[in-house]
Amino acid sequence: MSEVALLRLEGVSKTYRGGARPAVDNLSLEVRAGEIFGFLGPNGAGKTTTIKMVVGLLKADRGTILVNGHDVARDPVAAKADIGYVPDNPDLYDRLTGIEYLNLVADIFGVSRDERRRRLAELLEMFELESAVGDIIQSYSHGMKQKLALTGALLHNPRVFILDEPMVGLDPRASRLFKDMMRSHCDKGHTVFFSTHILEVAERLCDRVGIINRGRLIACGTVEELRERRKQADETLEDIFLELTEAGEAT
């Protein structure tokens, strides 16, 4: 695995107006080229706020976020050009057809016609959307909308693929193919950063994980490294997660 950091957060904090404490509190971490990084935490821990700051939907109060070397605050267009992002509840253009939406995304990211044709054939087959791509998005089920959002986010082959709960709405076959695709994406020297509540998936899939609680990063590393630090060789990621987050709630 490469040691080049494609995503770096340095001392990042965010407090919402009227909030009693920071939603994200002095968060520092890096995600390296070639790795799948799982971002874990209970509800309200700061996962989605962090992701929204990385992709430029929220402005950090303090700290620096770099995407492939581009400062999200100072050079947002260059940073966003290297990002593929899928939120937990994709809000698509319901009055467009699937292919109209995908062509719009491809135009925004400057994907050439030849590359677009090749990538669409590959991704639509993987997510089994070939027969539905000509239909209006309003007619899609939640799962189909999730698949369309994933297809659009991958069209420009982003260096940094960021996902908030990406498995929601995917059927078992699509979920398995998507996991394989994430590994293939990282094997090309890219990176995947995703949040999930499905700890078994994170344990099997991720090269490293970070656990956030009450806005603070409380653990980061491989599952093996987390076990070693706790001197518990037989602990699952679920065991580690529950003990760390419950201890954090008690303090």
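HN-Hα J couplings of the stretch 31-38 from phi, Karplus 6.51/-1.76/1.60, θ = phi - 60°, integer Hz, Gly and Pro as x?
Values per residue, Gly and Pro as x: 10, 8, 4, x, 10, 9, 10, x Hz.
Between Leu120, Leu66, Leu96, which gets the highest mean-square fluctuation from a Gaussian network model of the chain, Cα cutoff 10 Å?
Leu96
How far is helix 237-250 tilted, in degrees, relative to the longest principal axis of the Cα atoms in the chain, given as a value from 0 to 90 rounded to the nearest 10?
Long axis of 237-250 versus the principal axis of the chain: about 60 degrees.
For a Förster distance of 35 Å, can you work out the FRET efficiency between the beta-carbons of Arg229 and Glu122, rounded to the nearest 0.05?
Approximately 0.30, to the nearest 0.05.
Report, by chain and number, residues whose modeled amide H sits under 5 Å from the one on Arg62, excluding near sequence neighbours (fewer than 5 apart, same chain).
Hits under the 5 Å cutoff: Ser13.
Can you work out the FRET efficiency for the pair Leu104 and Glu200, with r the C-beta to C-beta distance and R0 = 41 Å, to the nearest 0.05?
Once the sixth-power term is evaluated, E becomes 0.70.
Near the amide H of Ala23, under 5 Å away, which other amide H atoms are found, from residues 5 or more places off or on another chain, if H is placed in the peptide plane?
Lys14, Thr15, Tyr16
How large is ³J(HN,Hα), in whole Hz, for each residue of the stretch 151-167 in order, when computed from phi with the Karplus curve 6.51 cos²θ - 1.76 cosθ + 1.60 and θ = phi - 60°, using x for Gly and Pro?
Karplus values, whole Hz, x for Gly and Pro: 4, x, 5, 9, 4, 8, 6, x, 5, 10, 9, 10, 9, 10, 6, x, 7.
For the stretch 180-187, take each phi angle, set θ = phi - 60°, evaluate the Karplus expression 6.51 cos²θ - 1.76 cosθ + 1.60, and give the result in whole Hz per residue in order, putting x for glycine and proline.
Values per residue, Gly and Pro as x: 4, 5, 4, 5, 4, 4, 6, 5 Hz.
Under a plain spin-label model, where a point goes 7 Å from the Cα along Cα-to-Cβ, how far apart in nm are Ser131 and Arg17?
4.9 nm
Taking amide H atoms as placed 1.01 Å from N in the peptide plane, list the residues 5 or more away in sequence, or in a different chain, whose amide H sits under 5 Å from that of Ala219.
Result for Ala219 returns Ile211.
With the convex hull built on the Cα atoms of the stretch 90-157, state its orientation-averaged projected area in nm².
3.9 nm²
Where q = 0.13 Å⁻¹, what log10 of I(q)/I(0) comes from the Debye formula for the chain, counting one point per Cα?
Result of the Debye calculation: -0.83.
Where a number appears in this text, it was derived from the coordinates with a stated rule and is not lab data. The structure displayed is predicted, hence computed values, not measured ones. Cβ sites come from the backbone with ideal geometry, for glycine too, and all protein chains shown count toward neighbours.
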